[in-house]
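For reference, the structure discussed in these notes is given below.
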Amino acid sequence: MSIKQIVEKVTHNWPIKIICFALAIVLYILHQASMIEKKTFIIPLTVINDGNYTYIGELDKKVSVVVKTSPEYMNTIQSEEITASIDLTSKKANNIYPVNITVDDSLLKIDPLEIQVKPEHITVNIEEKVMKYVKVKASIVDDVAPGYKIESVTCDPPFVEVIGAKSVVDKVDEVYTRRIPTSNASASFTAETSYYELNKLIEVPNKSPYKVTVEVLPEIKSYTFKDVPVSVLNLNPELEIETSLPKIVLDVEGTVPFLERYVLPLNAVSIDMSEITEVGDYELPLNIHVAGVLKILGISQDKVKVHVIQLTGDEEENPVNEEEIEESSVE
């Protein structure tokens, strides 16, 4: 057969032959497509920012990964075998970063296998990464026991380093610990705690342990004892006081727990008559006898005037100081 005859046979009805060839290709593609399955995985996005830059603002931490392969392999593929990441180590033009996909070696043996990530690029606002030291503040909750107060709170370490975008770090002056309960505490104590992640835009390398010392002391308050009687001490049995002795107002200061249970002694305010041996008018200093832990703030008067007379035989030797004195207690 000559070449001319071969060409004539090939070109005979060529439009029909081309259409048939095209249909054959389409059928082949459709057949191959029918043998492929598609599955979408939601993969966590790992942000690599070990360099001098970090991101600011919101960043979607998940991407969609579309996997296409034959049905026999599809069920064997797990999302944990696929990793998605963006690398912020260096600054990109227009802050557009590609999403990188890596898979386990076991997936590389699958054929056919097609993997597509959505989105393929992410726009990330990045900024210079900085570090500075800020104060650690203890998170104290609850109230201490009644009558007590928190005098001071100290942390060890007192400062920790924070790392993040410059605009964010510049606004951070302190970080907080996890809560430290102080319910009904009546003594100082030390507790161990850790960093509480309140600001997710900063990184705190030293997250624990933090030792917090809480100094708990009794509250100090002033109190007034009213109508305190004046006791007469060491009066000569042959003498008596004709004057009516005044009631005294006494101001003291002490801790709340002590004052709540304290009762004034009978001779809290007294005069000493040991040096008075004859009748007459005298001005005597008042003596104050209260618990040593109390501080005397003031007294309504510091002296009293008394008129001393001779005790007659017809009168009972019953000096003024032997009157029944009611005990004064904290109001």
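The values are calculated or read from the model by the stated rules, or taken from the named source; none is laboratory data. A quick note: this is a predicted structure, and the numbers were derived from the prediction, not measured. As a convention, Cβ positions derive from the backbone with ideal geometry for all residues, glycine included, and neighbour counts pool all protein chains shown. We work out accessible area using only protein heavy atoms, side chains counted, and drop any ligands, DNA or RNA first. Shrake-Rupley method; radii C 1.70, N 1.55, O 1.52, S 1.80 Å.
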Those residues of region 186-206 which are part of a loop (DSSP other than H, G, I, E, B) and either farther than 16 Å from Phe159 by Cα or open to solvent by less than 20 Å² (accessible area, probe 1.4 Å) (or both) amount to Ser186, Ala187, Ser188, Leu198, Asn199, Lys200, Leu201, Val204
| query | For Glu215, are the conditions met, namely being within 38 Å of the chain's Cα centre (by Cα), closer than 30 Å to Tyr133 by Cβ and at pLDDT 95 or above? | reply | yes
Filtering region 128-139 for residues that are in contact with a Phe, Trp or Tyr (Cβ under 7 Å, 6 or more places away or on another chain) and either open to solvent by less than 90 Å² (accessible area, probe 1.4 Å) or more than 30 Å from Asp60 (Cβ to Cβ) (or both) leaves a count of 7
For region 170-191 the number of residues that are over 30 Å from Glu127 (Cα atoms), touching a strand residue (DSSP E or B) at 6+ places or on another chain (Cβ under 7 Å) and not aromatic (Phe, Trp, Tyr) is 10
Residue check: is Ile86 surrounded by fewer than 16 Cβ atoms within 10 Å (Cβ to Cβ) and under 25 Å from Asn49 (Cβ atoms)?
no
For Glu80, the lone unmet condition from (1) of a type in the set (D, E, K, R); (2) surrounded by fewer than 11 Cβ atoms within 10 Å (Cβ to Cβ); (3) touching a residue at least 12 places away in the same chain (Cβ under 8 Å) is (3)
Across region 140-180, the tally of residues that are open to solvent by less than 70 Å² (accessible area, probe 1.4 Å), in a strand (DSSP E or B) and within 27 Å of Ile56 (Cα to Cα) stands at 9
Among Ser222, Ser274, Ser244, Ser183, the single one that is loosely packed, with under 13 Cβ neighbours inside 10 Å, assigned to a strand (DSSP E or B) and either touching a Gly at 6+ places or on another chain (Cβ under 6 Å) or small (Gly, Ala, Ser) (or both) is Ser222
Within region 94-120, restricting to residues that are of a type outside the set (Ser, Thr, Tyr), open to solvent by less than 80 Å² (accessible area, probe 1.4 Å) and in a helix (DSSP H, G or I), the one that is modelled with the highest pLDDT is Asn95
Screening Leu311, Leu239, Leu217 for residues that are in contact with a strand residue (DSSP E or B) (Cβ under 6 Å, 6 or more places away or on another chain) and under 30 Å from Pro157 (Cβ atoms) leaves only Leu217
Across (1) surrounded by 14 or more Cβ atoms within 10 Å (Cβ to Cβ); (2) in a strand (DSSP E or B); (3) hydroxyl-bearing (Ser, Thr, Tyr), Tyr73 clears everything bar (2)
From the option list Glu238, Glu260, Glu278, single residue qualifying as modelled with pLDDT under 95, within 30 Å of Tyr148 (Cα to Cα) and not small (Gly, Ala, Ser) is Glu260
In region 252-271, residues that are in a strand (DSSP E or B) and open to solvent by 50 Å² or more (accessible area, probe 1.4 Å) total 2
